[in-house]
1. Could you list, in sequence order, the residues of segment A:62-82 that are within 11 Å of chain B (Cβ to nearest Cβ), assigned to a helix (DSSP H, G or I) and modelled with pLDDT under 95?
2. Can you tell me which residues in segment A:1-20 are free of Cβ contacts under 8 Å to residues at least 40 places away in the same chain and part of a helix (DSSP H, G or I)?
3. Can you name every residue in segment B:64-81 that is small (G, A, S) and either surrounded by 14 or more Cβ atoms within 10 Å (Cβ to Cβ) or within 20 Å of the chain's Cα centre (by Cα) (or both)?
4. Exactly one of (1) at pLDDT 95 or above; (2) under 21 Å from A:L70 (Cα atoms); (3) not hydrophobic (A, V, I, L, M, F, W, C) is unmet by A:E4. Its number?
5. I'd like the full set of residues that are more than 14 Å from B:L125 (Cα to Cα), in contact with a helix residue (DSSP H, G or I) (Cβ under 6 Å, 6 or more places away or on another chain) and surrounded by fewer than 14 Cβ atoms within 10 Å (Cβ to Cβ), limited to segment B:1-32.
6. Considering only segment B:38-140, give the helices (runs of 4 or more DSSP H) lying wholly within it that have at least 3 residues that are hydrophobic (A, V, I, L, M, F, W, C), touching a Gly at 6+ places or on another chain (Cβ under 8 Å) and facing chain A (nearest Cβ under 9 Å).
7. Would you confirm, using the coordinates I've provided, whether B:Y57 is under 13 Å from the mean Cα position of the chain (by Cα) and surrounded by 14 or more Cβ atoms within 10 Å (Cβ to Cβ)?
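The values are calculated or read from the model by the stated rules, or taken from the named source; none is laboratory data. Note that the structure is predicted; figures quoted are calculated from it, not measured. No Cβ is skipped: glycine too gets one built from the backbone with ideal geometry, and neighbour counts run over all protein chains shown.
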Amino acid sequence: MSIEKVFPIFAAAFAVIYVFAVQYNWALFTYHPKIGEWEWLAQPAKNGPPMYWYGWLVTSAFGATAVSLLSWPLARRGSTQYWLGWVVPAVVVVVFVYLFRSFFIH
Amino acid sequence: MINVLLIVHLLLAVVLLGGITHQAISAVWPSRNKIGIVRSYRAVTGSVYTNANIMLYLATATLGGIIYPVYRVGVRTFLENARLMAATGSFELKEQFVAVGLGLLPLYWLLWRRPPEAGGRTARLAVTLILCAIVWYGFLVGHILTNIRGLFGL
């Protein structure tokens, strides 16, 4: 099935959008665990720490789905670019280690 | 209730760890005969693990997401107050790695669904190893943080 040809693109797009979502806080919604409240988009702390992880995941899932659908007409004609689906996520993993280095280097 | 969910989360992670490691070993270091325990371990049909690993990954991540607020409010605050920055950072990385792994699951399913075509064999190995590394990292960090007070005498 030609839809499968976009799976590597989905994996790559998800990883890239996710790292941007974390870095620039593109959370589709925020959860305030102490008061059990949900809000649209990234919101500042209220009573206790806010949680953006769920919002980042949904932002990335929507973004990667959109990128995959947009690239489908092109991807269905050529061969499947499997390398995209693992090289990009592997690089993103390394980028995260770099972004979070301050936790480990004092 | 949270303790029960945490234990179920841990047990699912153990099963996932076994499944993905077994599949990864069979892909990286396959064997055609089953003489002895090591060769038997390597000679399994890796593709039979795929759907189970995907379901376990989703279930473990979902359960982790459900109990995450307790960590965020209680445990992380404790870690920050105790100045355990490496422990806090380890969990932050776990959170991000698990998310990257979620995005890999459709491709992982595709690559194991049938014998790989050109370029697919390397991708199958790489995706399986990345997911295996994420699961191992997540398991170890989760296990250490759950027991951090006892392990480090805090």
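1. The initial filter retains those residues of segment A:62-82 that are within 11 Å of chain B (Cβ to nearest Cβ), namely A:63-65, A:68, A:79-82.
Cutting the leftovers down to assigned to a helix (DSSP H, G or I) gives us A:63-65, A:68, A:82.
Within segment A:62-82, just A:Y82 meets the criteria.
2. Applying the first criterion (free of Cβ contacts under 8 Å to residues at least 40 places away in the same chain) to segment A:1-20 yields A:1, A:20.
Selection gives A:F20 alone.
3. Going residue by residue through segment B:64-81, those that are small (G, A, S) are B:64-65, B:74.
Selection gives B:G64, B:G65.
4. (1)
5. Correct list: B:I2 only.
6. Working: elements: B:50-70, B:76-81, B:85-113.
Passing ranges, in order: B:85-113.
7. Working: under 13 Å from the mean Cα position of the chain (by Cα): yes; surrounded by 14 or more Cβ atoms within 10 Å (Cβ to Cβ): yes.
Yes, satisfied.
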